[in-house]
Amino acid sequence: MKILVSGGLGYIGSHTVVELLEKGIEVVIIDNLYNAQKETHDKITKIANKPSMFIQMDATDYDGLKALCQLHHFDGIIHFAGYKAVGESVAKPLMYYYNNLLSTINLARVATEENIHKFIFSSSATVYGDGISPFSEDMALLERTNPYGETKAMSERILSDASKANPNFNVTLLRYFNPVGAHKSGLIGEVPNGIPNNLMPYVTQVAKGVREKLSVFGNDYPTVDGTGVRDYIHVVDLAKGHVAALLSDKNGVNIYNLGTGKGTSVLELIHAFMTENNLNIPYQIVDRRPGDIAISYANAEKALKELQWEAKLTIEDMVRDAWHFEKNFK
């Protein structure tokens, strides 16, 4: 089996490539390196001890994608390429709509033209909008609270419609929650460009002394301690979910939540990091961040039933592996 992975040097993509290679699956990675590092490819090779191909390419380049797929005759596509910061999407909506939607359209178009029958899309819990947790796949999607979430919901619709029009085009939409952690080797993990948009890399950079203190966005939510509650999932568990979806024999459009099914507040995660790693993390409470909702966690029963997948790693594993990666990263 040969798979094209767009955005395969990014945080989730790189961990998924490792899992694919370890399953004996041939992988071609494309990435424009907007939010990734070329050196990650060498690290993937070292972890998996198996080769993969990397081509620097933007998924908005239809002609490049077409030529690549004609050359390699892929069995499937896993699509990670896309901008992913909620706050940035609020500030730069046109950039997000152009990049995230065009990359999805181009990859789907090439897949249907070149008879690539499996397409797995990196979606997000943000498609549920400001609904009531736990989120389940059969819930009606409410209005999204930010352009990032809107691009994910629109991409889901684009891919679903493409599958209906092309019965041999089988689409899996993976709505995942809040990935944290890193590979246990310490070689790959989350490496944000500039100021981190996600909680965990900000925590690890404060722990390392790169940043002075952590900002916690809001402490007046209706939660256990006033801070936002999220379903944090180890990135390795998340990567394994993509492999499970790829190996599934289900046809048509299938949607799965990838989460633990448990909510953890921001302060609970910070305290878990401090306890597990015996470190102090100075933090300050600041105003809420635009586009954030109070509580988001998954009902992950469908993935267990149909994909035989469930999250195995704990919050303690997540914070320990995240810190191990940060200490090793240069």
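Laboratory data are not the source of any read-out in this text; all were calculated from the coordinates shown. Because the structure is a prediction, the values reported are computed rather than measured. Don't worry about glycine lacking a Cβ; one is built from the backbone with ideal geometry, like all the others, and counts go over all protein chains shown.
Just to confirm my numbers, what's the Cα centroid distance between segment 39-73 and segment 1-31 in Å?
Their Cα centres are 8 Å away from one another.
Gain in length, Lys208 to Leu141, computed as 0.36 nm per residue apart minus the alpha-carbon separation, to one decimal in nm?
Using 0.36 nm per residue and subtracting the Cα-Cα distance, I get 20.2 nm.
Only bridges whose two residues both fall in the chain count here: according to DSSP, what percent of them are antiparallel, nearest 5?
Among the beta bridges of the chain, antiparallel pairing accounts for roughly 5 percent.
Within a 10 angstrom radius of the beta carbon, how do Leu173, Leu269, Leu279 rank from fewest other beta carbons to most?
Leu279, Leu269, Leu173
Could you tell me the center-to-center distance, by alpha carbons, between segment 126-161 and segment 180-196 in angstrom?
26
In nm, what is the difference between 0.36 nm times the number of residues separating Leu279 and Leu33 and their Cα-Cα distance?
The Leu279-Leu33 span can extend by a further 85.3 nm.
To the nearest Å, what is the center-to-center distance of segment 303-326 and segment 242-275, using C-alpha atoms only?
Here the answer is 8 Å between Cα centres.
Please give me the summed charge of the neighbours of Glu150: other residues whose Cβ is under 11 Å from its Cβ, Lys and Arg +1, Asp and Glu -1.
Its environment carries a net charge of +1.
Go through segment 272-311 and name the trypsin sites (Lys or Arg not before Pro) that are in a DSSP coil and have 16 or fewer other Cβ atoms within 10 Å of their Cβ.
Within segment 272-311, the qualifying trypsin sites (Lys or Arg not before Pro) (loop, at most 16 other Cβ atoms within 10 Å) are Arg288.
What number comes out for the charge environment of Asp31, summing +1 per Lys or Arg and -1 per Asp or Glu over other residues with Cβ under 14 Å away?
Net of charged neighbours comes to -1.
GNM, the chain, Cα, under 10 Å: largest mean-square fluctuation among Glu137, Glu310, Glu114?
Among Glu137, Glu310, Glu114, the largest GNM mean-square fluctuation belongs to Glu114.
Which FRET efficiency value, to the nearest 0.05, is calculated for His73 and Asp42 with the Förster distance at 25 angstrom and r the Cβ-Cβ distance?
E between His73 and Asp42, to the nearest 0.05, is 0.40.
Below 8 Å, C-alpha to C-alpha, sequence gap of six or more: please give me the relative contact order for segment 14-69 in percent.
For segment 14-69, the relative contact order is 42 percent.
Pick from Pro192, Pro282, Pro93: which is most flexible by mean-square fluctuation in a GNM of the chain where alpha carbon atoms under 10 Å apart are linked?
Pro282
Counting Lys +1, Arg +1, Asp -1, Glu -1, what net charge surrounds Glu114 among other residues with beta carbon under 14 Å of its beta carbon?
With Lys, Arg at +1 and Asp, Glu at -1, the net is +1.
For the chain, which DSSP H helices look membrane-span-like by this rule: Cα extent along the axis of 24 Å or more and mean Kyte-Doolittle of at least -1.0?
Both cut-offs are met by 93-113, 147-165.
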